[in-house]
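First comes the structure, then the notes that go with it.
The values are calculated or read from the model by the stated rules, or taken from the named source; none is laboratory data. Here the structure is a predicted model, which is why all the values come from computation and not from measurement. Reconstructed Cβ throughout: ideal geometry from the backbone, glycine too, with neighbour counts over all protein chains shown.
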Amino acid sequence: MAKIKSLFSTGLVASALLVLGNQAYAATVVLENFENGANGWTNSSRTGVSAIASGGHDNGAYIRTVNDLATNSSAFGSALIQFRCADGCSDNDFQGDWLGQGVVALNFWFRHDAAVTLQPYIRTPRLPGNSPAASAIIDTAVAPNEWTRLVLEIDPNNPEFSSFGGGNYEDIFSAVSRLQPGVIFGVGESYSEANVTFDIDDVSLTTVPIPAAVWLFGSGLGLLGWMRRKA
């Protein structure tokens, strides 16, 4: 797991403040790449997952679980959690105040070997427990056997959020307790398949540098160039 706690202190300012014209690109503030193992991630049953050293979306490490798919009769559709990052997972880097950190997106790579295309789903409960929770159905469908990059915009107006479980956006995302990625089937949809493999890689939270920081970064580069010319 790699967490970027201070881009300025680690000399990674350039990667955090990439600018093209007036557009500031997202900066990664938390990244779990599984290069050091599963790091506390489990499956939906809270038991271990397999940490695999190579073959991820970038040929690096990732984690895997194998589960049966079986829809149910829930009035909200069949939300089938496949991975779980809770207490102690990833050094608790995904817990806490996402809004205070300026998080604008949750990103991850996802793969499965089901016989059908699957709709990704993610649940993010509020500290200290498992409820209330934000439920989101990510628009990007995942075809079998293809690493697919998924991005959930953390915004109260994002229509991918299907519910807040009796809570509200601000309360949940100011105190996130865990991540629960999976797949979902619609209300009344029936499907079953045994021994489906699920893989996840490079889970991250990203922010956007503030315009002032971008301006200062550009000004700093200009000053360095001027100083070199003076020298």
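Regarding Val66, is this residue at pLDDT below 95 and of a type in the set (A, V, I, L, M, F, W, C)?
no
Pick out the one residue from Asp87, Asp58, Asp68 that is among the charged types (D, E, K, R) and closer than 22 Å to Pro128 by Cα. Break it down into steps so the answer makes sense when it comes.
Numbers: Asp58 fails: closer than 22 Å to Pro128 by Cα; Asp68 fails: closer than 22 Å to Pro128 by Cα.
Testing whether each residue is among the charged types (D, E, K, R) and closer than 22 Å to Pro128 by Cα leaves just Asp87.
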Here is a check on your reading of the model: is Ser78 of a type in the set (S, T, N, Q) and more than 15 Å from the chain's Cα centre (by Cα)?
yes
Residue, nearest to Val203 (Cα to Cα), within region 134-192, restricted to residues that are in contact (Cβ under 8 Å) with a residue 60 or more places away in the chain and aliphatic (A, V, I, L, M):
Leu179
Which of the residues spanning region 51-67 are touching a Ser or Thr at 6+ places or on another chain (Cβ under 8 Å) and either without any contact (Cβ under 8 Å) to a residue 60 or more places away in the chain or outside any strand (DSSP E or B) (or both)?
Gly60, Ala61
With the condition kept exactly as written, say whether any residue in region 58-81 is under 29 Å from Val187 (Cβ atoms) and in contact with a Pro (Cβ under 8 Å, 6 or more places away or on another chain).
yes
Residue pairs within 8 Å by beta carbon, gap of at least six or interchain, first lying in region 68-84 and assigned to a loop (DSSP other than H, G, I, E, B), second among the charged types (D, E, K, R), listed first then second, are Thr71/Glu189; Gly77/Glu189
In region 133-176, anything under 13 Å from the mean Cα position of the chain (by Cα) and assigned to a loop (DSSP other than H, G, I, E, B) is listed as Ile138, Ile154
So the check is Cβ under 8 Å with 6+ separation or different chains; which pairs have a first residue in region 112-129 that's in contact (Cβ under 8 Å) with a residue 12 or more places away in the chain and a second one that's of a type in the set (Lys, Arg)?
Thr124/Arg178; Pro125/Arg178
